[in-house]
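Worksheet: one structure, shown below.
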Amino acid sequence: MSDYEELCWMPAVELSRRISSREITPVDVAEAVLRRMSEVNPTLNAFVYHDPDQVMTDAKALTDQLAGGRPISPLHGIPYSLKEVCAVAGTPVTSGIVAFRNAVADHDEPVAARLKAAGALFLGKTNPAEGGYKANSSNHLYGTTHNPWHHGMTAGGSSSGAGAAVAAGIGQLAHGTDGGGSVRIPAALTGVVGFKPALGRIPQTRLAGRFHTFAYHGPIARTVADAALMLNTMAGFDPADPLSLPSDHVDYVAALERGIDGARIAWSADLGYATVDPEIKEICHQAVSAFTELGCVVEEADPGWANPEQAMWEGIWSPVYSSMLDAADWDAQAGQVDDQLVDVMRAGARLTARDIQRADAARGRMVDQMTAFMRDFDFLVTPVTTQPTFAADQFCPDSLTDAPLLHQLLGWLLTYPFNMTTNPATSVPAGFTAAGMPVGLQIVGGLRADAEVLRAAAAYERARPWSHRRPDVVAAQR
């Protein structure tokens, strides 16, 4: 491996140590990552906004700050990306929608401001799935993000470019957003770590409403420790988000050191209602055996939910997207916007207040069941998706192409129930299909048990390491 490749693949925690000790500089890192980006991003289409000259200018300024031996942040000089939808002054915030092509942010939202203040090195913005309403990796404005492991296969969504970039070695850290699994799904399908924190752990101001209880920011990284390092900076109260939590003064990286011997693990391949591909089920079942080796007690169990699709559709997804209905003349946009996105908007507009309140009550019952269930367990472990990676030009897996729209969107995911219940959850690599595509394992914890979830993920990582597996992006395109 060349010196520049070594810097691209080096974990952020190690990169941080070497920058702090002045063994390497942010300029060294920037030069390496920009070279990597120039080599593979044209193939992946992971980044949709970046300014190499500005990256080098920032890297030089960060390098100058190392002079004199002053203390620096653990993120000083560490490369990171932001999902395109995240507000950074002067950058696009279109959500990959052609009708919004001229939208430019006029401020830095809290999560972006914190990473910048910590001295992290901003590489640019990554490609989202169109409108963030779906879990594949295409949009009409920027085009499709390809999976680093196989060109032409989906990278998942909606934080598509974030997962692909990290998996391909273009930056150690990536920011994503997660309204139904949009951090965990691309992490699972590209073979990296994606963490959805507890509600309020990271302040969010992206959505116009300030009381949405399903939407989250979260880190995507190649190792659990790197995700924890990013979370240390992202977490904490901000008055712009009235639901944000005060700092819990936890060092999430240090919290990983404790083991999970004796932990009570519930394993469910299907959450009691989903249809799961046999290969996915077997790969994840084998992965769960790591917890037994770690001294945990593993039992097959689930919270006892009925299928929550309808509650998610009527209580969250359709009503939220209906607010976009008047933002453009969608009939005039035909051919430049997903028909399914417009269908979601219109479905939400048809809902009555009674429909939405009934769905919200169903969500409340899910929370009650989950709370009771977690009294007996420390963690719930499931697959992330019920189906393996599919072609990038498909809307959903083959098995769901004739299903109703809500089932095409939600029927292959085991992630969104935990947006509804607000439990922290992470995706970690479970293995690979026979076709060589990554599969993700989801670890869910109790309410606000972020540190515990990351600690379980780190213990699993030690038992089943994965960061040595790297896609050959060039070969994957052939």
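Taken together, the criteria exclude A164 from residues that are more than 20 Å from L115 (Cα to Cα), touching a strand residue (DSSP E or B) at 6+ places or on another chain (Cβ under 6 Å) and not in a loop (DSSP other than H, G, I, E, B). In the stretch 17-40, of all residues being of a type in the set (S, T, N, Q) and not in a helix (DSSP H, G or I), the one that is surrounded by the fewest Cβ atoms within 10 Å (Cβ to Cβ) corresponds to S21. Would a scan of the stretch 322-331 turn up a residue that is in a helix (DSSP H, G or I), of a type in the set (S, T, N, Q) and closer than 26 Å to F211 by Cα? Yes: the stretch 322-331 contains one or more residues that are in a helix (DSSP H, G or I), of a type in the set (S, T, N, Q) and closer than 26 Å to F211 by Cα. The stretch 414-478 holds no helices (runs of 4 or more DSSP H) entirely within its bounds that carry 2 or more residues that are at positive phi. Quick one: is P417 under 30 Å from N139 (Cβ atoms) and without any contact (Cβ under 8 Å) to a residue 24 or more places away in the chain? Taking the combined requirement at face value, the residue does not satisfy it.
The stretch 48-158 holds strands (runs of 3 or more DSSP E) entirely within its bounds, and those carrying 2 or more residues that are of a type outside the set (A, V, I, L, M, F, W, C) and open to solvent by 10 Å² or more (accessible area, probe 1.4 Å) map to 150-154. Contact annotation: residue pairs with Cβ atoms under 6 Å, 6 or more positions apart or on different chains, pairing a residue in the stretch 285-311 that is within 18 Å of V384 (Cα to Cα) with a partner that is basic (K, R) and outside any helix (DSSP H, G or I), are A290/R464. Among the residues in the stretch 245-264, are any in contact with a Ser or Thr (Cβ under 9 Å, 6 or more places away or on another chain), under 28 Å from S289 (Cα atoms) and surrounded by 15 or more Cβ atoms within 10 Å (Cβ to Cβ)? Within the stretch 245-264, none of the residues are in contact with a Ser or Thr (Cβ under 9 Å, 6 or more places away or on another chain), under 28 Å from S289 (Cα atoms) and surrounded by 15 or more Cβ atoms within 10 Å (Cβ to Cβ). In the stretch 378-418, how many residues are within 13 Å of G446 (Cα to Cα) and either polar (S, T, N, Q) or open to solvent by less than 20 Å² (accessible area, probe 1.4 Å) (or both)? Going through the stretch 378-418 one residue at a time, the tally reaches 4.
For the stretch 68-92, a residue qualifies if it is in contact with a Pro (Cβ under 7 Å, 6 or more places away or on another chain) and under 23 Å from N45 (Cα atoms), and the qualifying residues are K83, E84, V85. Screening the candidates V474, V367 for the property of being open to solvent by 20 Å² or more (accessible area, probe 1.4 Å), at pLDDT below 95 and β-branched (V, I, T) yields one hit, V474. The residue list S289, S318, S323 contains one member that is open to solvent by 20 Å² or more (accessible area, probe 1.4 Å), polar (S, T, N, Q) and under 27 Å from L189 (Cβ atoms), which is S289.
The values are calculated or read from the model by the stated rules, or taken from the named source; none is laboratory data. Remember, it's a predicted structure, so these values are computed and weren't measured experimentally. With ideal geometry, Cβ positions are generated from the backbone for all residues, glycine too; neighbour counts draw on all protein chains shown. The protein model used for the area step is the full one, side chains on, heavy atoms only, and it has no ligands, DNA or RNA in it. Shrake-Rupley method; radii C 1.70, N 1.55, O 1.52, S 1.80 Å.
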